[in-house]
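Asker: The following block contains the structure, expressed as structure tokens.
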Amino acid sequence: MNIVETLDSIKIRDFEVKIYQAKSGYRFSLDALLLADFPALKSCKSILELGAGSGVISLLLALKYPKACVTGVEIQESLYRRAARNAEVNNLSDRVSFVHADLRELPGKFSAGSFELCVMNPPFRKPGTGRISPGDERAAARHELKGGIEEAIKTARIMLKNRGRLCVVYHPERLSELVTLMKAHSLEPKRLRFIHSHTKDEARMVLIEAVKDGAPGLKTLPPLFVYAKEKEYTAEMREFYGF
């Protein structure tokens, strides 16, 4: 079956990439772009993305950290192939590579403690919630069909260097579960930011950073509001998009 694709130009701040995406399959959203922007390391040489999708986060991080080698792991073959092609389109194949694998297999493919930074935008819907179509890229990206958040946290813990950082974008409803799992695996939450569509809305997502074997101490950043009013971005979001 031929999949219709679009080639989209994505720009955040000073970084711009071109991304092939399926027109009716999985397409990244604002969550991914905010996650790519969230890490605050001054420099970084080794980055791992768990659940890379079409590769947009890995590619943006490669531009943000020009000395870094980035490895993206994706279990869906269609998305893995698209991510690899996106690395080529952006002339980043020398520093960005993608692996077609289940993240639970990574400890057998890479040495423990190989990465300074790990990022992930994991599925947040548990199996049995919502409709799932067989072979649907979007369903597999949103539902925990290939292992849940605990498996991802365990893998991140193994793959990170001591004092390495894990950055996650997740649904606020499951924040307490995420924090509990992080602490259980010696990933200490250090920065937290809630994302809201409008000033009076509940948070629609949350960004959180944890440090492997870090000391306790959580900093809650000011909330990010996406819209000032209907279809009009806030000043912070206009700056984010480089308007």
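Asker: Would you confirm whether or not the stretch 200-207 contains a residue that is at pLDDT below 95 and outside any helix (DSSP H, G or I)?
Answerer: Among the residues of the stretch 200-207, at least one is at pLDDT below 95 and outside any helix (DSSP H, G or I), which makes the answer yes.
Asker: Something else: Mind listing whichever residues of the stretch 224-243 are of a type in the set (Gly, Ala, Ser) and under 21 Å from the mean Cα position of the chain (by Cα)?
Answerer: Taking the stretch 224-243 as the starting set, the residues that turn out to be of a type in the set (Gly, Ala, Ser) are 228, 235, 242.
Scanning the stretch 224-243 gives a single hit, GLY242.
Asker: Now a separate question. Do the conditions hold for ILE57, that is, is it surrounded by 17 or more Cβ atoms within 10 Å (Cβ to Cβ) and more than 20 Å from HIS100 (Cα to Cα)? Break it down into steps so the answer makes sense when it comes.
Answerer: Values: surrounded by 17 or more Cβ atoms within 10 Å (Cβ to Cβ): yes; more than 20 Å from HIS100 (Cα to Cα): no.
Criteria not met by ILE57.
Asker: Of (1) out of contact with any His (no Cβ under 9 Å at 6 or more places or on another chain); (2) surrounded by fewer than 15 Cβ atoms within 10 Å (Cβ to Cβ); (3) more than 22 Å from MET182 (Cβ to Cβ); (4) not hydrophobic (A, V, I, L, M, F, W, C), ASN86 satisfies all except one. Which?
Answerer: Checking ASN86 against (1) out of contact with any His (no Cβ under 9 Å at 6 or more places or on another chain); (2) surrounded by fewer than 15 Cβ atoms within 10 Å (Cβ to Cβ); (3) more than 22 Å from MET182 (Cβ to Cβ); (4) not hydrophobic (A, V, I, L, M, F, W, C), the one that fails is (2).
Asker: Give all pairs with beta carbons closer than 7 Å in which a residue from the stretch 206-224 that is farther than 15 Å from ILE195 by Cα meets a residue that is among the polar types (S, T, N, Q) and part of a strand (DSSP E or B); count only pairs at least 6 apart in sequence or on separate chains.
Answerer: LYS212/ASN162; ASP213/ASN162
Asker: Just name the residue that is nearest to ASP31 (Cα to Cα) out of those in the stretch 111-148 that are at pLDDT 95 or above and either of a type in the set (A, V, I, L, M, F, W, C) or in a helix (DSSP H, G or I) (or both).
Answerer: The selected residue is MET120.
Asker: Filter the stretch 1-47 for residues that are of a type in the set (Ser, Thr, Tyr), within 16 Å of ARG81 (Cα to Cα) and assigned to a loop (DSSP other than H, G, I, E, B) and give the result.
Answerer: Scanning the stretch 1-47 gives a single hit, TYR26.
Asker: Which condition number does ARG193 fail, the rest of (1) touching a strand residue (DSSP E or B) at 6+ places or on another chain (Cβ under 6 Å); (2) at pLDDT below 95 being met?
Answerer: ARG193 satisfies all of (1) touching a strand residue (DSSP E or B) at 6+ places or on another chain (Cβ under 6 Å); (2) at pLDDT below 95 except (2).
Asker: Restricting attention to the stretch 182-196, report how many residues are part of a helix (DSSP H, G or I) and surrounded by 19 or more Cβ atoms within 10 Å (Cβ to Cβ). Reasoning before the result, please.
Answerer: Of the stretch 182-196, the ones part of a helix (DSSP H, G or I) are 182-184.
Now restrict to residues that are surrounded by 19 or more Cβ atoms within 10 Å (Cβ to Cβ): 182.
Residues in the stretch 182-196 being part of a helix (DSSP H, G or I) and surrounded by 19 or more Cβ atoms within 10 Å (Cβ to Cβ): 1 in total.
Asker: Restricting attention to the stretch 40-52, report how many residues are farther than 21 Å from LYS154 by Cβ and in contact (Cβ under 8 Å) with a residue 40 or more places away in the chain. Before you say what the answer is, go through the steps one by one.
Answerer: Taking the stretch 40-52 first, the residues farther than 21 Å from LYS154 by Cβ are 40-45.
Going one step further and asking which of them are in contact (Cβ under 8 Å) with a residue 40 or more places away in the chain, we end up with 40-41, 44-45.
The qualifying residues number 4.
The values are calculated or read from the model by the stated rules, or taken from the named source; none is laboratory data. Bear in mind that the values here come from a model prediction, so they are computed numbers and not experimental data. Cβ: placed from backbone, ideal geometry, glycine included. Neighbour counts: every protein chain shown.
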